[in-house]
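Q: Before I ask anything, let me first share the structure, which is written out below as structure tokens.
The values are calculated or read from the model by the stated rules, or taken from the named source; none is laboratory data. On a predicted model such as this, the values are computed, not experimentally measured, just so you know. We place every Cβ from the backbone using ideal geometry, glycine too, and count neighbours over all the protein chains shown. Note: areas computed on protein heavy atoms with side chains; ligands, DNA, RNA excluded. Shrake-Rupley method; radii C 1.70, N 1.55, O 1.52, S 1.80 Å.
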Amino acid sequence: MNVIFIGAPGTGKGTQAKILSNQFGFLQLSTGDLLRAAIAKEQPLGLEAKAYMNKGALVPDNILVSLVSGYLDGLPVGSKVIFDGFPRTVNQAVELDRMLVGRGQKIYQVLYFNVPLNVLSDRLTGRRTCSKCGEIFHIISKPSLKPNICDRCSGELVTRPDDRADVIEKRLSEYNLNTAPTVQFYKDSGRLVEIDAGMDESAVSKAVLKFLGIGNL
Ligand code: AP5
């Protein structure tokens with residue numbers, strides 16, 4: 001079962017993907033996380049991607065397609081994958097269809113996280129991420145029990161470098177330019193289901209589980 005989570009930055013795709021991965025055995029393929037890991041390891045791909053990410057631009061399609069293709073090659077047969085943040089251009093969507101067909105798989109469905117754009121900036125500037133396990137917090141809506149310490153693994157909570165107001169603006173404009181047409185691409189092909197991701201986290205989780213038909217939290 002392959003599922004795509006698509007939506008603007010800060011709509012809660014990563015939060016929900018982590019719940020499914022921690023509780024229901026899905027593999028979270030977050031291209032943002034893969035790119036940040038490549039940057040941390042100072043790999044050539046990471047160094048190339050870093051310049052784009054730090055200014056809020058999309059990383060070129062050819063880099064993403066080869067990253068995802070390599071990831072899929074390493075997966076055991078029958079894995080349940082959540083594509084979190086990929087594809088986000090129409091070209092990436094076409095390439096993903098090709099990659100999956102070539103591996104005898106198909107996309108189960110595409111879940112579009114719809115949130116009014118005016119709340120996204122607060123979600124992103126207030127986000128804190130665990131530097132060790134990647135757990136996601138928010139200073140207002142989901143604070144950690146101890147300041148700047150992860151509840152799950154006691155790692156340090158950090159602010160992502162691209163969660164600055166000026167970079168957020170650029171990310172949202174990239175979304176409108178490239179990813180909104182990708183949403184339309186999936187809508188036109190009858191594969192898109194929309195959820196109201198402006199609800200609180202547990203209500204969104206319930207909607208996601210209902211969509212996947214895998215029970216209730
Ligand atoms: P990436 O890391 O994928 O960032 P993004 O798409 O901008 O998405 P975010 O991680 O910002 O948001 P999210 O929807 O996961 O929200 P989250 O759950 O964290 O990509 C980073 C960069 O990498 C890109 O800008 C680009 O440069 C590059 N890149 C990656 N993939 C690429 C691709 N395919 N092509 C080209 N370039 C690519 O939640 C956000 C906050 O809100 C958290 O604090 C959370 O606690 C809170 N929150 C979550 N849900 C709720 C809720 N229901 N109510 C209230 N608060 C909530």
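Q: Give me a count of the residues in the range 141-172 that are away from the ligand (no atom under 11 Å from the Cβ) and either out of contact with any strand residue (DSSP E or B) (no Cβ under 6 Å at 6 or more places or on another chain) or at negative phi (or both).
A: Residues that pass the stated criteria total 16.
Q: I'd like the full set of residues that are touching an Asp or Glu at 6+ places or on another chain (Cβ under 7 Å) and more than 10 Å from the ligand (Cβ to nearest atom), limited to the range 112-133.
A: Listed by number, the residues that qualify are 112, 114, 131.
Q: Confirm whether residue 186 is hydroxyl-bearing (Ser, Thr, Tyr) and under 16 Å from residue 3 (Cα atoms).
A: Taking the combined requirement at face value, the residue satisfies it.
Q: Suppose we filter the range 12-43 for residues that are within 13 Å of the ligand (Cβ to nearest atom) and more than 13 Å from the chain's Cα centre (by Cα); how many remain?
A: 3
Q: Please specify each residue of the range 44-67 satisfying the condition of being touching a residue at least 60 places away in the same chain (Cβ under 8 Å), over 15 Å from the mean Cα position of the chain (by Cα) and not in a loop (DSSP other than H, G, I, E, B).
A: Across the range 44-67, the qualifying residue is only 54.
Q: Out of 160, 128, 152, which single residue is of a type in the set (Lys, Arg) and without any contact (Cβ under 8 Å) to a residue 24 or more places away in the chain?
A: Every option except 152 fails the conditions.
Q: Does residue 8 meet the test of being more than 7 Å from the ligand (Cβ to nearest atom) and open to solvent by less than 40 Å² (accessible area, probe 1.4 Å)?
A: Taking the combined requirement at face value, the residue satisfies it.
Q: Among what's in the range 44-56 and is open to solvent by 20 Å² or more (accessible area, probe 1.4 Å) and near the ligand (Cβ under 7 Å from one of its atoms), pick the residue that is farthest from residue 207 (Cα to Cα).
A: 52
Q: State all residues of the range 58-86 that are loosely packed, with under 15 Cβ neighbours inside 10 Å and either more than 9 Å from the ligand (Cβ to nearest atom) or among the polar types (S, T, N, Q) (or both); if no residue qualifies, say none.
A: Passing the criteria: 62, 66, 70, 73, 74, 75, 76, 77, 78.
Q: Another question, then. Find the residue count for the range 183-217, including only residues that are near the ligand (Cβ under 10 Å from one of its atoms), part of a helix (DSSP H, G or I), within 16 Å of the chain's Cα centre (by Cα) and aliphatic (A, V, I, L, M).
A: 1
Q: Something else: Of the residues 103, 123, which is open to solvent by 40 Å² or more (accessible area, probe 1.4 Å), touching a His at 6+ places or on another chain (Cβ under 9 Å) and not polar (S, T, N, Q)?
A: 123
Q: Further question: Could you tell me how many of the residues in the range 89-130 are basic (Lys, Arg) and closer than 23 Å to residue 201 by Cα?
A: Qualifying residue count, the range 89-130: 3.
Q: Check whether at least one residue in the range 16-23 is part of a strand (DSSP E or B), surrounded by 15 or more Cβ atoms within 10 Å (Cβ to Cβ) and modelled with pLDDT of 95 or more, and report yes or no.
A: no
Q: Hey, can you tell me all the residues within the range 1-15 that are in a strand (DSSP E or B), of a type in the set (A, V, I, L, M) and closer than 26 Å to residue 122 by Cα?
A: Those that are in a strand (DSSP E or B), of a type in the set (A, V, I, L, M) and closer than 26 Å to residue 122 by Cα: 4, 6.
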